[in-house]
Amino acid sequence: MFTPFETAYLAHHESNPPFDGAVTDILKSADFDSAETEISSWDGYVETPLIPLSGLAGTLGIADIRYKHEGPRFGLGSFKALGGAYAVLRTVQRELSKSTGSAVSLADIRRGLYAEQSKTITVISATDGNHGRSVAWGAAQFHTNCKIYIHADVSEYRAEAMQALGAEVIRIDGDYDAAVAQTRIDAAKHGWLIVSDTSWPGYIQPPLDVMAGYGVMAREIVHKYDTPPTHVFLQGGVGGLAAAVTAVFHQSWGTNAPRVVVVEPELAPCLLTSAKANRATNVVIAKETIMAGLSCGEPSKLAWSVLADAAQDFVTIPECLVAPTVRLLANGVEGDIPVEVGESAVAGLCAVIAAAKQPVLKQDLHLDTNARVIVIGSEGVTDPNIYAQIIAGEM
């Protein structure tokens, strides 16, 4: 069962984070408060489960592993439902307040009081699938037009899921970063409003709103613990999820916050590369990873500032571990509840299992018998066709 994990190569960079304030000052507690108040009032809001993987933990010699399963989130299949839709709402609020000349409340937009005015607004975003689905859903909820740009390797099933929510889906050549670049060009040309989960110079507020939404997930975790866990393994991507969770944990637990381990595909290691260079650094995506949601070559500058301040470890995982981890969760280990998840959801768990099975890395990450670990299961089965191939052993 664990043979691939025992022999796989995982690159590891141990950082020396300064903890000089960015982790609490860039993503502010008040912004997380606002997002939590708003999102928890939405129809269909339910806390997602924090599933104990006691059988797996015992097999690995770890005290505890808890898996935050985001598959049920608002029926959209991933944690992205929290960020993209909330950022759409905040973007619409700012635009309506500007056009009307008076403050417009989130509640009034949500109740449809500005539906006619909202129909004149177009939001636009680039995505590998999950963020775009959330933006499309938010646009439908808050009565705006929506255009989603996807790259050549995004599956047709994911494209159709966004179209079903009313978005116009535009496929371009190139990778995710090329799609982001095209949204910037077209938004400037047509006056559309970008709702992105990554930041760049001069573009800050929507990514902050996205990460504030992600903080709701982290707050749900905090509410479940009397004593903080020792580790949290977080997917990389552009860094937004990792930054939001890291910020909430440090704001909630201070110096007792868990050790932050950021995990990326070896094919898209922009955060590990940034950690080594001690500055936000782009990488070229030469080949797409099976973990489509993590295939990002350019880190969010805002997210990187938070991670540079507080993340202790950066790890990359090889492709060969992804499908076995999806199957392991689907089957359960030693009585664990079976969990059906997508390929991007298992990055953190891949690293936990491999590190526990490799003595040097296990020691470097302090994964001893006292370790109590949180893993973010960022998505459910967002493409049933890919999931079926993984379970059948075809990937």
| request: Could you check how many residues of region 242-260 are assigned to a helix (DSSP H, G or I), open to solvent by 10 Å² or more (accessible area, probe 1.4 Å) and among the hydrophobic types (A, V, I, L, M, F, W, C)? | output: 1
| task | Could you tell me whether residue 297 is out of contact with any Gly (no Cβ under 9 Å at 6 or more places or on another chain), small (Gly, Ala, Ser) and open to solvent by less than 30 Å² (accessible area, probe 1.4 Å)? | result | yes
| said: Would you confirm, using the coordinates I've provided, whether residue 181 is out of contact with any helix residue (DSSP H, G or I) (no Cβ under 7 Å at 6 or more places or on another chain) and on the phi < 0 side of the Ramachandran plot? | reply: yes
| task | Please work out which one of (1) outside any loop (DSSP other than H, G, I, E, B); (2) under 15 Å from residue 265 (Cα atoms); (3) open to solvent by 10 Å² or more (accessible area, probe 1.4 Å) is the condition residue 388 fails and give its number. | result | (2)
| said: Based on this model, can you work out whether residue 361 counts as among the aliphatic types (A, V, I, L, M), surrounded by fewer than 24 Cβ atoms within 10 Å (Cβ to Cβ), more than 19 Å from residue 389 (Cα to Cα) and at pLDDT 95 or above? | reply: yes
| query | Which of the residues spanning region 190-203 are modelled with pLDDT of 95 or more, open to solvent by 40 Å² or more (accessible area, probe 1.4 Å) and in a loop (DSSP other than H, G, I, E, B)? | reply | 191, 192
| said: Please verify whether residue 62 is in a strand (DSSP E or B) and either over 19 Å from residue 293 (Cβ atoms) or in contact with a Ser or Thr (Cβ under 6 Å, 6 or more places away or on another chain) (or both), treating the condition exactly as stated. | reply: no
| note | Considering only helices (runs of 4 or more DSSP H) wholly within region 1-58, the ones with at least 1 residues that are under 17 Å from residue 209 (Cα atoms) and polar (S, T, N, Q) are 22-25, 29-39
| message | Return the residues of region 212-231 that are open to solvent by 10 Å² or more (accessible area, probe 1.4 Å), assigned to a helix (DSSP H, G or I) and either within 18 Å of residue 311 (Cβ to Cβ) or among the β-branched types (Val, Ile, Thr) (or both); say none if nothing qualifies. | response | 222
| request: Please specify each residue of region 98-111 satisfying the condition of being over 12 Å from residue 139 (Cα atoms) and either hydrophobic (A, V, I, L, M, F, W, C) or under 31 Å from the mean Cα position of the chain (by Cα) (or both). | output: 98, 103, 104, 105, 106, 107, 108, 111
| message | So for region 124-135 (the condition being of a type in the set (D, E, K, R), at pLDDT 95 or above and not in a helix (DSSP H, G or I)), does at least one residue qualify? | response | no
| request: Tell me which residues, restricted to region 67-105, are outside any loop (DSSP other than H, G, I, E, B), of a type outside the set (A, V, I, L, M, F, W, C) and crowded, with 22+ Cβ neighbours inside 10 Å. | output: 67, 68, 69, 73, 78, 80, 83, 84, 86, 90, 91
| message | Just to be sure I understand, how many residues within region 106-122 are of a type in the set (Gly, Ala, Ser) and open to solvent by less than 10 Å² (accessible area, probe 1.4 Å)? | response | 1
| note | Within region 300-317, the residues that are open to solvent by 10 Å² or more (accessible area, probe 1.4 Å) and under 15 Å from the mean Cα position of the chain (by Cα) are 302, 304
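The values are calculated or read from the model by the stated rules, or taken from the named source; none is laboratory data. Only a predicted model underlies this, so the values are computations on that prediction, with no experimental measurement involved. Ideal geometry is used to build each Cβ from the backbone, glycine not excepted, and the neighbour counts take in all protein chains shown. To get the accessible areas, we keep the full protein, side chains included, count just its heavy atoms, and leave off ligands, DNA and RNA. Shrake-Rupley method; radii C 1.70, N 1.55, O 1.52, S 1.80 Å.
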